[in-house]
């Protein structure tokens, strides 16, 4: 892969990964924080602080979405995007966010749990397996795109 193609692929992956992270954060925040009310970003006895933490997550999610969208639009405007890499990056970003949230936020930092029930195991497994599935599909798409690049350079 020549240097120009590598830069296009890297820029496309970065923009798509940011869009995936932002989208998964939005889905988490809207579905699990607001609609189902299973948890807040930071669980605390202070409901104002818990709600403010959700607002902070929402703000960060929007910033990441806007940055990813601006980068992707700029790549498209200038014809510098790598077409086969958008879906891969998007799913890698979604799965990466989901798994990071499930392992780091839920277990290591203990900011919140998926849901506050007696037996968390099924919720934790479902949450993390969903992230792993998204990562696996994203990785499969990435390998497929790389194989396509290699074939086109022959």
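Details
- Euclidean distance of C-alpha centroids, segment 1-22 and segment 28-86, integer Å: 19
- Tail fraction, Cα-Cα pairs, segment 37-80, threshold 13 Å, whole percent: 62
- Efficiency of FRET from Cβ geometry, residue 147 and residue 78, R₀ 41 Å, rounded to 0.05: 0.95
- Label-point separation in nm, residue 117 to residue 139, each point 7 Å along Cα→Cβ: 2.8
- Its relative contact order, with pairs defined as Cα atoms under 8 Å and 6+ residues apart, puts segment 3-149 at 33 percent.
- The listed peptides 114-124, 94-104, ordered by packing as a protection proxy, come out as 94-104, 114-124 (highest mean of other Cβ atoms within 10 Å first).
- Between 0 and 90°, nearest 10: helix 121-152 axis offset from the chain longest Cα axis: 10
- Based on the Kirkwood approach, the hydrodynamic radius assigned to the chain is 16.6 Å, with every pair of different Cα atoms included.
Readers should treat all values here as calculations from the given coordinates under stated rules, not as data from a laboratory. Only a predicted model underlies this, so the values are computations on that prediction, with no experimental measurement involved. Please note: Cβ atoms are built from the backbone with ideal geometry, for glycine as well, and neighbour counts cover all protein chains shown.
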